[in-house]
């Protein structure tokens with residue numbers, strides 16, 4: 001049998017999906033599992049977006065333009081302008097999900113063996129794209145003690161080598177919920193201009209900012225126009241993850257042209273997703289007001305309940321729909337598996353994402369979990385009660401492997 | 001400004017798309033352009049597939065399983081079994097178009113710097129995926145004189161080095177329309193087993209075989225189960241290019257597992273495309289009978305008209321919906337551009353694909369073009385009349401650059 005490529009062997013398994021068999025087993029035993037481990041929103045997709053697909057009049061389902069349907073890119077430029085990001089349709093490449101935007105950006109900005117600095121913890125799939133692109137992720141650690149704020153800029157400086165080509169941030173952040181300040185973004189802007197680096201920014205959670213906090217896009221960093229590539233997606237914004245539509249947005253014409261060549265090779269993004277995406281842009285403000293109120297309520301409940309548990313610490317996330325919590329546990333992978341395998345509270349348990357998968361530095365995240373608030377308030381309450389009970393039992397139970405009663 | 005990566009610079013532009021501005025200019029001048037340069041079928045998508053999307057009852061457009069919706073994979077296995085390819089849903093990974101299947105296969109089977117042997121002329125986008133994957137395409141030339149049949153197996157042997165990891169074929173072939181014989185496939189099977197190589201096969205034109213010719217899949221090469229990876233798509237089969245749904249099919253569990261990790265990183269294939277694809281599997285046989293009759297009629301007309309032109313040679317394609325023709329011209333790129341820029345016949349012209357883009361060996365294809373029969377009989381007839389007139393004018397016109405009258 002021929003060998004697998006080493007990049008097939010090195011490709012990481014999704015650290016979240018590793019736990020799925022245990023969740024499935026729990027369900028087979030009749031246990032209700034609250035899925036707070038995922039980034040799949042439970043919010044309804046805007047009806048207008050779905051209706052556009054239902055009513056689409058297509059006789060031949062053709063390839064679209066490789067850069068995306070022109071009228072969709074026009075609408076997208078209106079959407080961005082409304083969000084104070086002044087770009088034209090020519091600055092926008094429609095991609096197959098935000099995933100493809102990330103991949104194209106890595107392929108166009110970095111050579112194999114080059115390095116990209118990413119504040120950790122970070123979205124686990126960056127690891128997968130880095131292996132696919134053959135580039136090395138160099139983490140700069142952020143800390144729960146100060147709410148995962150950007151580390152001092154010196155920490156970035158220390159990591160820059162001749163191989164460093166880019167810095168990647170996610171703002172608002174998955175998994176931490178951190179929202180970057182103007183000062184932090186200005187510092188990053190100065191750094192990338194000074195060191196001649198690209199600044200890639202995954203801004204897919206733009207709409208999800210709480211407490212009236214303002215979102216600031218890297219697209220508005222004056223003087224860094226040639227350095228900045230924004231990666232975006234309609235998946236979270238309109239609860240349309242299955243549409244597989246994202247965008248790569250940049251004023252750097254060379255990057256845009258190069259990404260277009262990658263886009264041409266794969267022919268076109270999905271047509272129905274683009275139809276839905278175009279219609280979604282007309283979603284009324286009231287939809288977002290309602291969604292934001294819902295998420296904000298969930299966040300408040302979640303953070304309150306967590307911080308009221310013994311030994312639990314959870315900084316208040318300002319954006320996205322995740323919270324990172326420090327728990328009084330020895331090993332988050334073991335604990336999350338234990339919750340599914342050995343534990344239940346009145347026939348219920350909760351599935352969380354061990355934070356280890358979000359850190360590139362080995363050993364970090366062992367006492368942290370990511371919690372997505374993608375369930376309604378009642379389910380979230382039940383899930384947090386499960387967690388509280390779980391923590392009580394786990395602490396007195398880590399040695400007695402077979403019993404789940406305390 | 002930071003530098004582009006070399007793989008962004010090296011990424012080829014689509015050689016077909018390079019001519020698009022000239023076609024657009026011709027249209028602006030009021031000239032009708034017959035597009036025989038593309039692989040976009042004009043055939044209607046099966047109504048059942050579109051209806052399934054129109055009637056889909058989705059409230060939250062969620063990610064699907066990374067490997068594709070399970071019930072769709074089940075249906076796909078039925079489809080394959082009906083086509084004498086005995087695979088289960090577990091051998092099938094749903095991809096975002098056949099494009100992604102090709103890319104995943106390259107990433108999993110080859111390391112950067114490795115070599116893949118491909119009979120040329122070949123589908124131009126293989127070049128793009130090869131650059132993205134950092135692998136080297138080593139061509140084995142096939143010749144119009146013998147209808148682009150597989151060269152003697154010694155020609156492959158000569159090209160095999162320690163870096164060779166795979167052979168890639170497209171069957172039925174784009175751009176040549178060649179259909180591989182049992183003997184040819186057996187020879188390839190023996191070779192890959194003997195040399196411990198992968199055999200990748202792009203079989204997206206499976207349904208398009210003429211004159212009662214039988215299609216043979218690499219999936220039925222006994223003893224080569226671990227070597228074979230089949231790459232497929234619903235784009236051509238059901239005229240659903242915009243769905244962006246393909247499959248990677250293999251009995252090699254390691255490749256399947258590795259490709260699944262790549263699939264997990266990009267989360268999921270498009271949901272609406274999968275809904276359409278699942279419904280399309282129930283398309284009645286009568287649809288294909290009609291489509292095949294239509295293509296077959298077009299092919300006959302095309303080949304007859306071409307071979308009746310002075311100095312033109314066009315072998316009869318047995319499959320797909322392309323023909324390669326040798327024309328009495330000096331430079332196919334120049335000629336195809338000239339047809340758009342300088343020529344018209346009663347206000348009409350034809351757009352063809354210069355064959356140079358389908359060869360990896362520099363200098364080949366200069367007197368050949370690829371012609372897709374993706375227009376109805378009447379348009380095809382008009383287009384061929386344009387070509388005939390064009391050839392007459394071009395031959396006496398290549399020196400008088402400014403005039404288009406003969």
- Message: As an exercise: evaluate residue A:357 against (1) assigned to a loop (DSSP other than H, G, I, E, B); (2) within 14 Å of another protein chain (Cβ to nearest Cβ) and give the number of the one condition it does not meet.
- Response: (1)
- Message: Checking the condition at negative phi, out of contact with any strand residue (DSSP E or B) (no Cβ under 8 Å at 6 or more places or on another chain) and at pLDDT 95 or above, which residue from B:232, B:186, B:202 passes?
- Response: B:186
- Some residue of segment B:103-111 being surrounded by 24 or more Cβ atoms within 10 Å (Cβ to Cβ), facing chain A (nearest Cβ under 10 Å) and on the phi > 0 side of the Ramachandran plot: no
- Message: Can you go through B:169, B:153, B:144 and tell me which one is touching a helix residue (DSSP H, G or I) at 6+ places or on another chain (Cβ under 6 Å) and more than 11 Å from every other protein chain (Cβ to nearest Cβ)?
- Response: B:153
- Message: in the same structural domain as residue B:33 (by TED's automatic domain parsing) and assigned to a helix (DSSP H, G or I): is that true of residue B:378 in this structure?
- Response: yes
- Task: Give the number of residues within segment A:210-230 that are surrounded by fewer than 22 Cβ atoms within 10 Å (Cβ to Cβ) and in contact (Cβ under 8 Å) with a residue 60 or more places away in the chain.
- Result: 6
- Condition test on residue A:296, is it closer than 30 Å to residue A:46 by Cα and either away from chain B (no Cβ under 14 Å) or at pLDDT below 95 (or both)? yes
- Taking segment B:48-65 and keeping residues without any contact (Cβ under 8 Å) to a residue 12 or more places away in the chain and more than 9 Å from chain A (Cβ to nearest Cβ) leaves B:57
- Residue set B:263, B:259; condition under 22 Å from the mean Cα position of the chain (by Cα), within 12 Å of another protein chain (Cβ to nearest Cβ), touching a residue at least 40 places away in the same chain (Cβ under 8 Å) and in a helix (DSSP H, G or I); output residue B:259
- May I ask you to list the residues in segment B:117-126 that are touching a strand residue (DSSP E or B) at 6+ places or on another chain (Cβ under 7 Å) and within 12 Å of chain A (Cβ to nearest Cβ)? B:123, B:126
- Could you grab me the full set of residues in segment A:231-251 that are more than 7 Å from chain B (Cβ to nearest Cβ) and either closer than 30 Å to residue A:375 by Cβ or surrounded by fewer than 24 Cβ atoms within 10 Å (Cβ to Cβ) (or both)? A:231, A:232, A:233, A:234, A:235, A:236, A:237, A:238, A:245, A:246, A:247, A:251
- Task: Residues being under 18 Å from residue B:174 (Cα atoms) and not in a strand (DSSP E or B): count how many of those fall in segment B:333-354.
- Result: 1
- Query: Out of B:215, B:272, which single residue is at the interface with chain A (Cβ under 10 Å from one of its Cβ atoms) and either under 17 Å from the mean Cα position of the chain (by Cα) or assigned to a helix (DSSP H, G or I) (or both)?
  - Reply: B:272
- Query: Can you tell me which residues in segment A:248-273 are touching a strand residue (DSSP E or B) at 6+ places or on another chain (Cβ under 9 Å) and farther than 25 Å from residue B:234 by Cα?
  - Reply: A:248, A:249, A:250, A:251, A:252, A:255, A:256, A:259
- If only one of B:161, B:176 is assigned by TED's automatic domain parsing to the domain that holds residue B:83 and buried (at least 24 other Cβ atoms within 10 Å of the Cβ), which one is it? B:176
- Message: Please pick out the residue among A:34, A:79 that is in the same structural domain as residue A:238 (by TED's automatic domain parsing) and at pLDDT 95 or above.
- Response: A:79
- Filter segment B:1-40 for residues that are touching a strand residue (DSSP E or B) at 6+ places or on another chain (Cβ under 9 Å) and at the interface with chain A (Cβ under 7 Å from one of its Cβ atoms); which is surrounded by the most Cβ atoms within 10 Å (Cβ to Cβ)? B:5
- Task: Filter segment B:192-208 down to residues that are assigned to a loop (DSSP other than H, G, I, E, B) and within 14 Å of the chain's Cα centre (by Cα) and give me whichever is nearest to the other protein chains (Cβ to nearest Cβ).
- Result: B:204
- Would you mention how many residues in segment A:172-191 are within 14 Å of chain B (Cβ to nearest Cβ) and part of a loop (DSSP other than H, G, I, E, B)? 1
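The values are calculated or read from the model by the stated rules, or taken from the named source; none is laboratory data. Just so it is clear, the structure is predicted and the values come from calculations on it, not from any experiment. Because the Cβ atoms are built from the backbone with ideal geometry, glycine has one as well, and the counts that use them run over all protein chains shown.
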